[in-house]
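The values are calculated or read from the model by the stated rules, or taken from the named source; none is laboratory data. Remember, predicted model here, so these are calculated numbers, not experimental data. Here the Cβ is made from the backbone with ideal geometry for all residues, glycine too, and neighbour counts use every protein chain on show. For the accessible areas, the whole protein counts, side chains as well, though only heavy atoms, and no ligand, DNA or RNA atoms are used. Shrake-Rupley method; radii C 1.70, N 1.55, O 1.52, S 1.80 Å.
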Amino acid sequence: MLERRSLTATLNSLKALPKDPLRFARTVLGRKRWSGQRRMREAIDTHRRVRFQSGNATGKTHELAGDIIEFLATGKRRRVICTGPSYDQVRRGLWAEIQSAWDEAAKRGVVIGVRPGADSWDIEPGHGAFIASVDNISSVQGGRGANGTWIVMDEAQGVHDAHLWTALDSLMQNPRSRFFTSCNPLYPEGVDYENSLSAEWHTVILDALAHPNVVTGRDIIPGAVSRLWVEECRKRWGEDDPRWIARVLGRYPEIGGTSLFSMRTIENAAMVDPPTGEGFHIGIDVAGEGGDLNVATLVRDLVVEDVREWSGIDPMGTVGRIVQLIRETKVNPENVHIDASGMGSGIVARLHESGYHVDGVQFAGAPTGAWSEVLHDQTATNRRVEMYIVAAQLLRDCSLNIPARFDLTRRDLCATRLIQPHSSGASQLEKKDAIKKRIGRSPDFGDSLVLALCRPTSFFVESF
């Protein structure tokens, strides 16, 4: 086995050649990439946060392992944090691929430090990689590399703790740091799905139909997806099935079995002028004690015109902000709809005392049926569920326009899902606290929108 100088000599020879981001894996690891893997490697050089989503067995984890080897072999004082849904899953998946890539380099005469151990790889002090447990957020701290840190999350679809995502992203201060995730996009929900809708994350999709094994019908890359398997899936599921879309095409399905909204439906509705108007309405979701935002959504004739948000002021300050908004927009106070539960009850009462007869909406109260022509025979357990169902139906009918600039509103809607129906058959929604745990924030923008769609039922709240 050659000494470490073999790596130095190899790297020096590579530097003498024209820059080629694909050369290291070809020369040191003996790898030939297919087009999807080439796009993965190229994205690593050009984006700080990259998502790799794919159909089954397209080689994304194999590619990431080789890229980690290259990152650590071509610099010093760098760190790689490997994580995923569980320690064992990372150890058997991504980490095993890293060990295999190291072995392949050694067979070709290039020895990169010591072989990666069971869950850590210490090449030099402050330079190497390790597995971080998702059960212990503190395990990711202290993992920064002086010359850059890579966070690599495998099977990101299964990592649901938004606080862990935040802790990992806090390691990104160094401009050379990167955050990469990989997943099979099975369900349109969770933090990874949220990131797929964010402009901050660049997404590379590996479609199994484009894999050379499938295109040629031959086993060009052993162990990868095959044409036979793809054709079996086509016959078993059909091309409209969510499983085909996720496991073969590598895309999130339009809508999950528990979802009310899909991003494509929202985008399609935004391309159409709503056929009828509802006048000018403002929905205001008041912040609770947990530090959520106050959000006001301004909707004119079922088109979202503006979204305002504020925090850090007491309830009376919020009353003043709402009064300013009413005066500025000249909206009829009865078309200002405020959630009158919790903190909102006192704010509605104070506005009424000041002569602003806003609509206090009892989100937890009984449905009103005010949108019966839209709801038809759909029933809901409370007013909040009723209004989310109304919003979903209006979007499906292209009767509600949410422009793309209101990204958080769109994302809050897509994060909202149904749970098991009530014994009466009425629809129920997942609780706000559960959504907040899943996506890392309260869906205040979504609640504010559906409040703006309310039709006034009473201008005075009888009791608080």
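Structural remarks
- Residue list for region 66-97, restricted to those being under 18 Å from His160 (Cα atoms) and assigned to a helix (DSSP H, G or I): Tyr87, Asp88, Gln89, Val90
- Set Gly109, Gly142, Gly126: member being at positive phi, loosely packed, with under 15 Cβ neighbours inside 10 Å and modelled with pLDDT of 90 or more: Gly126
- Among residues of region 202-211, those that are open to solvent by less than 30 Å² (accessible area, probe 1.4 Å) and either farther than 29 Å from Gly440 by Cα or hydroxyl-bearing (Ser, Thr, Tyr) (or both), counted: 2
- Taking first residues from region 430-453 that are farther than 22 Å from Asp161 by Cα and among the basic types (Lys, Arg) and partners that are in a helix (DSSP H, G or I) and open to solvent by 10 Å² or more (accessible area, probe 1.4 Å), no Cβ contact under 8 Å between residues at least 6 apart in sequence or on separate chains turns up.
- Of the set (1) touching a residue at least 12 places away in the same chain (Cβ under 8 Å); (2) outside any loop (DSSP other than H, G, I, E, B); (3) surrounded by fewer than 21 Cβ atoms within 10 Å (Cβ to Cβ), all apply to Gly344 but (3).
- Top-ranked residue in region 163-193 [being under 20 Å from Pro443 (Cα atoms) and open to solvent by less than 10 Å² (accessible area, probe 1.4 Å); ranked as modelled with the lowest pLDDT]: Pro188
- Filtered residue count, region 286-301, keeping only those that are modelled with pLDDT of 95 or more and either hydrophobic (A, V, I, L, M, F, W, C) or within 17 Å of Gly346 (Cβ to Cβ) (or both): 4
- Looking across region 267-293 at every residue that is open to solvent by less than 10 Å² (accessible area, probe 1.4 Å) and more than 20 Å from Cys398 (Cβ to Cβ), the one that is farthest from the chain's Cα centre (by Cα) is identified as Ile282.
- When region 68-85 is filtered for residues that are touching a residue at least 60 places away in the same chain (Cβ under 8 Å) and among the charged types (D, E, K, R), the ones remaining, listed by number, are Lys76, Arg77, Arg78, Arg79.
- Taking the listed residues Ala156, Ala199, the one that is open to solvent by 10 Å² or more (accessible area, probe 1.4 Å), among the small types (Gly, Ala, Ser) and touching an Asp or Glu at 6+ places or on another chain (Cβ under 9 Å) is Ala199, with no other qualifying.
- Taking region 233-332 as the region of interest, the helices (runs of 4 or more DSSP H) fully inside it that hold 3 or more residues being in contact with a Phe, Trp or Tyr (Cβ under 9 Å, 6 or more places away or on another chain) are 242-247, 315-329.
Here's the yes/no breakdown for (1) at pLDDT below 95; (2) closer than 23 Å to Lys107 by Cα:
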site: Thr10; (1), (2): yes, yes
site: Lys32; (1), (2): yes, yes
site: Gln37; (1), (2): no, yes
site: Met40; (1), (2): no, no
site: His47; (1), (2): no, no
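- Only residues that are touching a residue at least 24 places away in the same chain (Cβ under 8 Å) and either among the polar types (S, T, N, Q) or surrounded by fewer than 15 Cβ atoms within 10 Å (Cβ to Cβ) (or both) were counted in region 86-105, giving 3.
- The residue that is nearest to Arg405 (Cα to Cα), counting only those in region 309-340 that are open to solvent by 70 Å² or more (accessible area, probe 1.4 Å) and among the charged types (D, E, K, R), is Glu309.
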